[in-house]
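Okay, so here's the structure we're looking at.
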Amino acid sequence: MKVTAIVGSYRKQGAVDTAIDAILSSARQSGAETAKIYLIDRHIEFCTNCRSCTQEKGPRRGACPLADDMQSILEEIESSEGIVLGSSVNFYTVTAVMKKFVERLVCYAWWPWGMLSPKVRAKEKSRRAVVVISSAAPSIMIRLRTGIVGLMKTAAGMLGAETIGVLTIGIAARAQKQGISERALKKARLLGRKLVSG
């Protein structure tokens with residue numbers, strides 16, 4: 001089994017990255033191969049909403065005309081049975097780099113001109129996903145005051161994954177280099193095992 005993590009935080013070794021490392025370490029201990037992609041290290045163009053990737057019907061994602069790293073990232077995800085999507089909260093939503101990534105997932109929808117709304121190409125959820133979110137606000141506020149959990153679950157669904165767990169890390173910005181609690185690390189390790197064992 002392979003687990004690929006997409007890190008949408010701007011800070012390496014920050015709360016999101018630390019939690020994802022714990023998830024991946026636990027997944028490796030359970031026998032999985034792992035990979036981690038930092039979106040800040042990849043070239044991803046903004047979606048221009050040309051919708052050329054949505055015009056052809058069929059189960060496979062549509063081809064995007066933009067020349068960047070998005071195709072290689074999606075190929076890495078498509079070769080995985082497990083996905084981890086992580087982002088910190090910026091202005092009540094995901095970071096700009098994660099939002100850029102999420103918007104480009106429209107290629108997994110069929111949406112010809114004239115159709116009112118897109119339809120996800122693959123109905124079957126053959127992958128498992130874990131979502132990791134950190135915020136300066138208390139953890140409960142992430143769920144009550146933002147739509148970030150729903151957004152990340154929708155992104156996982158577009159990638160053909162069922163979200164099996166969400167880790168929210170609150171009060172994560174009291175110091176420039178702040179660690180995460182032992183409780184959050186424990187849950188991260190549990191989610192890593194769950195990604196592999198189901």
The range 141-187, residues that are among the charged types (D, E, K, R) and under 17 Å from Val89 (Cβ atoms)
Arg143, Arg145, Lys153, Arg174
Are there any pairs, at least 6 apart or on different chains, whose C-beta atoms fall under 7 Å, with the first in the range 23-49 and farther than 21 Å from Val130 by Cα and the second hydrophobic (A, V, I, L, M, F, W, C), and if so, which?
Arg42/Ile73; Ile44/Met70; Ile44/Phe101; Glu45/Leu66; Cys47/Val106
When restricted to Ile44, Ile77, the only residue touching a strand residue (DSSP E or B) at 6+ places or on another chain (Cβ under 9 Å), β-branched (Val, Ile, Thr) and either under 23 Å from Thr95 (Cβ atoms) or outside any strand (DSSP E or B) (or both) is Ile77
Given the condition touching a Phe, Trp or Tyr at 6+ places or on another chain (Cβ under 8 Å) and among the hydroxyl-bearing types (Ser, Thr, Tyr), answer yes or no: does some residue in the range 61-80 qualify?
no
In the set Arg143, Arg104, which member is among the basic types (Lys, Arg) and closer than 24 Å to Glu45 by Cβ?
Arg104
Identity of the residue in the range 117-134, at pLDDT 95 or above and among the hydrophobic types (A, V, I, L, M, F, W, C), that ends up surrounded by the most Cβ atoms within 10 Å (Cβ to Cβ)
Val132
Filtering the range 18-41 down to residues that are in a loop (DSSP other than H, G, I, E, B) and at negative phi yields Ser30, Ala32
Just to verify a result, which residue in the range 80-116, among those that are of a type in the set (A, V, I, L, M, F, W, C) and part of a helix (DSSP H, G or I), is surrounded by the fewest Cβ atoms within 10 Å (Cβ to Cβ)?
Ala96
What do you reckon, is Ala63 among the hydrophobic types (A, V, I, L, M, F, W, C), touching a Cys at 6+ places or on another chain (Cβ under 7 Å) and assigned to a loop (DSSP other than H, G, I, E, B)?
yes
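The values are calculated or read from the model by the stated rules, or taken from the named source; none is laboratory data. If you're wondering where the values come from, they're calculated on a predicted model, not measured in any experiment. Here the Cβ is made from the backbone with ideal geometry for all residues, glycine too, and neighbour counts use every protein chain on show.
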